[in-house]
Amino acid sequence: MNTDESRGHGFRRFYQKYAFTLWVLVAVAASMSAPAAFRSWFGMDLKVLIVPLIQVITFGMGTTLSAKDFRNVLTMPWPVFIGIALQFLIMPLVGFTIAMTFGFPPEVAAGVILIGSVSSGVASNVMTYLAGGNVPLSVTITASTTLLSPLLTPFWMKTLAGRLVPVDFVAMMLSIFNMIIIPIVAGLAANRLLYGTKKRTSPAVMLAISVPVFLALAAVAAATPTRWWGGLAVLKHGVLLGFLLLGLTALAKLVIAIMLKGPANWMDKTLPVVSMAGICLIIAIITAQSRDQLLSVGPLLILAAIVHNGTGYGLGYAGARLARLDESACRAVAMEVGMQNGGMASGIAIDVLKSTSAALAPAIFGPWMNVSGSLLAGWWRRRPVRLKKSL
């Protein structure tokens, strides 16, 4: 292989490893230099896209899960409990300490506390795999913390950030159900559609039936008067989008996998690209909305992200060690504690706190977590877990 080919392969490997980070930097640079382009399109405030984008991304996360990931709680309860406890004890308190120490404005400080109070994100599962950690444990902790987030995230925000900004516990809980829980449930159903098999039933027939059913349910949800939903009206759009995505998923599988005999894993290839594009757009919108404030507090927020994230890795790993977990489990717990669901935090900041300033911390912390997670995973990958020899 000549020098030019070697450089080409090296660049491709670098791009594949850091593509997400590079595109995030492009999105930030574009929104900082031309903020008007990411504030409104055709008279529509782009902030209205943030919650639907998060729902689509979370739906994609749900398609990677199955009932087995939740049953794993019963097969390894102690490591899962340790991961959940460390996640929801360490990160909210560290976020609060950093917010108070750095002296951020109230709404920005609330955003720092918020990013520490949400569940872990699906990126931690990828980083755990790259780090040679316990992937099933990582996935199970992510799923468990996500299901607990409607209660624990509002609790910590009310307790720690309630003195800085108004926090409505019930509104935040319902918002998390709308943005996260309903799309995940829809994603789990889509997982069954995509990968489930029925020995005595034709998959084509089942899918042909599923498409009109899900689309009809979406139409019913859309047509139902909002007043009929009562206090649960905030869930209407999540239910509508969930049924719509299920119908589109079934239709896509019917056409691509069955009629066209395309690849069975088309969804696995498509969703990461959609998720990456969605996250980049969310970050660009938030950056454009709060450009002036970002110029004043941006460097300090970057430092806060580094401290918050690094403390999560360190205390997560140390806590798992103290709990006598093995090395692969310690790596998984460290990733789970250190990496939060930035999309959830961004959505709550916009949808519940009604503040783009509160969304600044998630917009900055999220990209940094992916950079640091990649670096830590690479460092651990060069130090494989040593398996204990059986006597």
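Quick look at the numbers
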{"item": "Peptides 239-246, 137-144 ordered by average Cβ neighbours within 10 Å, highest first", "result": "137-144, 239-246"}
{"item": "Centre separation in Å (Cα based) which lies between segment 54-73 and segment 148-168", "result": "25 Å"}
{"item": "Neighbour-count order for Leu65, Leu251, Leu300, fewest beta carbons within 10 angstrom listed first", "result": "Leu300, Leu251, Leu65"}
{"item": "P(r) tail fraction, segment 36-165 - alpha-carbon pairs more than 19 Å apart, %", "result": "60 percent"}
{"item": "Val213-Ile256 FRET efficiency (beta carbon distance; Förster radius 25 Å; 0.05 resolution)", "result": "0.80"}
{"item": "Neighbour-count ranking [beta-carbon atoms within 10 angstrom, fewest first] of Lys47, Lys68", "result": "Lys68, Lys47"}
{"item": "Kirkwood Rh and Cα Rg combined as Rg over Rh, evaluated for segment 241-341", "result": "1.16"}
{"item": "Debye equation applied to the C-alpha atoms of the chain, log10 I(q)/I(0) at 0.07, 0.08, 0.09 Å⁻¹", "result": "-0.33, -0.43, -0.55"}
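Each reported figure results from applying straightforward, stated rules to the coordinates on display, with no laboratory input. Remember, it's a predicted structure, so these values are computed and weren't measured experimentally. For neighbour counting, all protein chains shown are included, and Cβ atoms are generated from backbone atoms with ideal geometry for every residue, glycine included.
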